[in-house]
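See below for the structure under consideration.
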Amino acid sequence: MFFAPTVLGLGRAGARPAVLCCSAGNYYNQGEIRKKELEQSCFLLGIPASDVTVIDHRDLPDNPAVEWDTQLLAAFVLEHIEANNINLVITFDAGGVSGHANHISLYTTLSAGTKTQSPEAALPTGRSLNRHLISDWQNHVLPLQSPSLHSEGKLPEGCRVLVLESVNLFRKYISILDVPLSCLLPRDALFILTEEETEQARRAMRCHRSQLLWFRRVYMLFSRYMVINSLRLL
């Protein structure tokens, strides 16, 4: 829903995307349906089902009002990073794009007290990660979605974190009109889709049929996140 420009941009650069989803999406008791929809959506973005991992844990519920247990979340994320040799984590920033508590929990798990580093040192030469995505820059890619893993030195050496920037409501819904501003403002990474890629992202979004309420259809038409992802380093 939010990271398609990053997934497609990394794929365009030769990466092999993969996804780590930290919830089964069972808020309306549709977890199994939403898992299948996620796999279908990822497939259209170039990610096979074998590279999609969904965590289904009772203490990590899909609920916009619940802050996840960040120690538990950190354990799952770290295990995935180490098992897949991830060296770039891509997740939400403190605003969670939509303000969703689960999104913000991911940021909290990874970010608190992180040290700033130069953009030149940030982009990977091996594997990468987000709530929905972890990536192997040249061979294998993944975006995601407590004690901070980064600040406490628990991430493997060389593993870095990029977060997707949240923007105000006006910018969020002006689609490609936000491109000039996104190009001018400071950021460490920027992905902008072509017209063909944007339609690919929309087809992937339509796979989430159980979630396609009227406001998400508006989102598909007008949101900058269907076209643009600007990210910054922690």
As straight-line cross-link partners of residue 154, the qualifying aspartates and glutamates (C-alpha separation under 14 Å, not fewer than 8 residues apart within one chain) are 79, 82
Per-residue HN-Hα couplings for the stretch 159-165 [Karplus 6.51, -1.76, 1.60; θ = phi - 60°; Hz; x = Gly/Pro]: 7, 10, 10, 10, 10, 6, 6
Between residue 211 and residue 53, the two model label points (7 Å from Cα along the beta-carbon direction) sit apart by a distance in nm of 2.0
Once the whole set of protein chains is in place, how much accessible area is left on residue 21, using a 1.4 Å probe, in Å² to the nearest 10? 10
Under-5 Å amide H pairs with residue 18, H placed in peptide plane, nonlocal only: 134, 136, 141, 142
With each label point set 7 Å from Cα along the Cα-Cβ vector, what nm distance links residue 72 and residue 170? 4.1
Accessible-area ranking of 108, 6, 70, 194, largest first, probe 1.4 Å: 194, 108, 70, 6
Mind jotting down the three principal axis lengths of the stretch 27-86 based on Cα atoms? Whole angstrom, largest first. 34, 31, 14
Across the Cα atoms of the stretch 11-62, what radius of gyration and what greatest pairwise Cα-Cα distance (Dmax) are found, in Å? 12.0, 38
Can you list residues from other chains, or at least 5 along the same chain, whose modelled amide H is less than 5 Å from the amide H of residue 161? 89, 234
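The values are calculated or read from the model by the stated rules, or taken from the named source; none is laboratory data. No experiment lies behind these values; they were computed from the predicted model shown. Virtual Cβ from ideal backbone geometry, glycine too; neighbours counted across all protein chains shown. Areas reflect the complete protein model, heavy atoms only, side chains present, ligands, DNA and RNA absent. Shrake-Rupley method; radii C 1.70, N 1.55, O 1.52, S 1.80 Å.
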